[in-house]
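To start, the structure under review is shown below, and the notes come after it.
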There are 2 protein chains.
Amino acid sequence: MNEDDRRLLEMKNTSELMLDLAYSSLIYQNKVIAKEVIELEDRVDRLHEAIIRSALGKSKEPKNFDRSLIMIKISDSIERIADAALDIADVVLRDIELHPVVKKSLEDSDVVIQKHVVENGSLLHGKTLGEIKLATETGVWVIAIRRGYDWIYGPDEGTTISGGDILYARGPADSEKIIAPWIKGK
Amino acid sequence: MNEDDRRLLEMKNTSELMLDLAYSSLIYQNKVIAKEVIELEDRVDRLHEAIIRSALGKSKEPKNFDRSLIMIKISDSIERIADAALDIADVVLRDIELHPVVKKSLEDSDVVIQKHVVENGSLLHGKTLGEIKLATETGVWVIAIRRGYDWIYGPDEGTTISGGDILYARGPADSEKIIAPWIKGK
C-alpha cells in the first residue's frame, strides 16, 4: 500500500469513527466526546490536503491523471462526511441543554459507544485483544484505541493493549460495570 | 417514538447503509450496488423534506422552536452524509474502468458487503434470524433486508426472513459459497 492509499484509508476510518462519536455525543449529551470529533476533523483535513497535493504532483504524468482525479473526488467526499460529523458534534457543544428531545430519536438500541482508560497493572495491560477475548467475555467490542496522539482504528486480535490506552468501544449500555475489573489497576 | 423521531432514525440508518454500499461498490467495481445508493438517496431526500416541513409547522409554538432548529440541523448533516455516499457511488457509475487503482486503497480487510436473494423454499424462508443462527453458523451478518419497496435496517433475532427478500450482509470474502445452501430453493 503506497502513501496515498494509506492516507485515503485513514481518512475513511477516521470519518467513520467521527460519525460514531458524533452520534454518541448527541445521544449521551457528552461534550467530551463531541470535542474528540473536532480534534479528529483536523486530522482528516490534513490528510485531505496531503492527498490533493500528491494528486496534483502526480497528475503531470498523463498516465496518472485519471487516478489523481478519482483520488481527489473520493477524498473530497470523505472530507464532507467528516464535516457533517463535525456539525453534529457542534450541536452538542452549542446546544447541550436542548438534547433530551433529540436523544430518543437516535437511540434505537441498547448498544452505546464507550470510552475506557486502561490503567497500568490492569488485566488488559500488555495483553493482545486475542489473548484476553474481551469481546467474547464482556460483549464490549473495541473499535478504536487512542494512544497519545496516535489512533489505532479497527484493532484486531494481534493488537496489544497498554496502560494509558484509551479504548473506544461498542457495547451494551450496562457494560461499564462489567469492564471495570479489566481496566482498573491493582 | 413520534413521526419525526422515526424519520430521523430512518435517515441515520439509511445514510449508514448508503456509505457501506458506496464503499463496497467502489471496492468491488459493482454498478448494481452503486445504483442502490442512488435509489436510497431519494428516500433520504424525502425524509429530510418531511422533517423540515414538520419542524416549520411546529416552530410556530415558541416552546418547540429550539427543538425544530436542532431537528433541521441534524437532518441537514445526515442529508450531506447521504450526498457524499452518492458522490462516491457516482465515481463508480462514471469511471468504472479506472477502479483497480483505488480499490486497494479502501480494502483493508477481508470483510465485504454482499447481496443475497432468498429463494422460496430455501432454508431461510419463514425462519427468524434467531432460529437459524446465520451469523454463528456462517459468519455472515445481515445488516439490512430489502423487501419489495421496504427496507428493514439492522434486523434482529426476531426478524423473519421470506422468499424474495434481498439480504445485505457483511461477511468474509469467501462466504458466497458458504451461504448458498441457505438461500437456494430446493
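Sort A:42-50, B:152-160, A:77-85, B:75-83 for me by packing, meaning the mean count of neighbouring Cβ atoms within 10 Å per residue, highest on top.
Ranked from most to least packed, the peptides come out as A:77-85, B:75-83, A:42-50, B:152-160.
Taking beta carbons within 10 Å but only from partner chains, what does the mean come to for residues B:74-82?
What the average comes to for B:74-82 is 6.
The range B:123-149 to the range A:155-180: how many Å between their Cα centroids?
First find each Cα centre; the distance between them is then 29 Å.
Quick one: with label points 7 Å out along Cα→Cβ, list the inter-copy distances for B:N64 in nm, shortest first?
When each copy's label point is compared with this one, the spacings are 5.7 nm.
Which of the three applies to the protein assembly as shown, rounded, prolate or oblate, going by the alpha-carbon gyration tensor with a ≥ b ≥ c and a/c under 1.5 meaning rounded?
Cα axes put the protein assembly as shown in the rounded bin.
Kindly report the accessible area of the protein assembly as shown per residue (heavy atoms of protein chains, probe 1.4 Å, no ligands, DNA or RNA), in Å².
48 Å²
Can you spot the lysines whose alpha carbon is less than 28 Å from A:K73's alpha carbon? Ignore those fewer than 8 places along the same chain.
The reachable lysines, counting only those whose Cα sits under 28 Å from A:K73, are A:K12, A:K35, A:K58, A:K60, A:K63, B:K12, B:K31, B:K35, B:K73, B:K103, B:K104, B:K115.
So if I place +1 on the C-beta of Lys and Arg and -1 on the C-beta of Asp and Glu, and nothing else carries charge, what would the dipole magnitude of the protein assembly as shown be about its Cα centre? I want it in debye, nearest 20.
Approximately 180 debye in magnitude.
Is the range A:109-183 rounded, prolate or oblate when judged by the Cα gyration tensor, a ≥ b ≥ c being the square roots of its eigenvalues, rounded requiring a/c under 1.5 and prolate requiring a/b larger than b/c?
Rounded shape, in that the Cα axes give a/c under 1.5.
Taking the Cα centre of each part, how many Å lie between the range A:24-40 and the range B:3-18?
With the range A:24-40 and the range B:3-18 each reduced to a Cα centre, they are spaced 20 Å.
For peptide B:86-93, what's the mean number of Cβ atoms from other chains within 10 Å of each residue's Cβ?
The per-residue average across the peptide is 3.
How far apart are the A:T136 label points across copies, placing each 7 Å from Cα toward Cβ, in nm, shortest first?
1.4
How big is the B-A contact in terms of buried accessible area, both chains counted, 1.4 Å probe, rounded to the nearest 100 Å²?
3300 Å²
Please work out whether chain B counts as rounded, prolate or oblate from its C-alpha gyration tensor, where a ≥ b ≥ c are the square roots of the eigenvalues and a/c under 1.5 means rounded, while otherwise a/b larger than b/c means prolate and anything else oblate?
oblate
Based on DSSP H assignment, which helices of chain A show an axial Cα extent of at least 15 Å together with a mean Kyte-Doolittle hydropathy greater than or equal to 0.0?
A:65-95
For chain B, calculate the relative contact order in percent as a whole number, restricting contacts to Cα pairs under 8 Å that are 6 or more residues apart.
23 percent
Taking the Cβ-Cβ separation of A:S162 and A:E137 as r and a Förster radius of 30 Å, what is the calculated FRET efficiency to the nearest 0.05?
Computed FRET efficiency for A:S162 and A:E137: 0.95.
Please give the charge dipole size of chain B, origin at the Cα centre, charges +1 on K and R Cβ atoms and -1 on D and E Cβ atoms. Round to the nearest 20 debye.
320 debye
Using label points projected 7 Å from each Cα along Cα→Cβ, tell me how many nm separate B:E39 and A:K31, to one decimal.
Once both label points are built, they end up 4.6 nm from each other.
If you put a point 7 Å past Cα along the Cβ direction, how far is that point for B:V117 from the same point in each other copy, in nm, smallest first?
Spacings between copies for this position, smallest first, are 5.5 nm.
Return the carbon/sulfur percentage of the accessible area of the protein assembly as shown, one whole number, probe 1.4 Å, all protein chains in place.
After summing per-atom areas, the C and S share lands at 53 percent.
When you look at the Cβ of every residue in A:122-132, what mean number of other chain Cβ atoms sits within 10 Å?
0
The values are calculated or read from the model by the stated rules, or taken from the named source; none is laboratory data. Predicted model only: the values in this text are computed from it and were never measured. Reconstructed Cβ throughout: ideal geometry from the backbone, glycine too, with neighbour counts over all protein chains shown. The accessibility values were calculated without ligands, DNA or RNA, using every heavy atom of the protein model including side chains. Shrake-Rupley method; radii C 1.70, N 1.55, O 1.52, S 1.80 Å.
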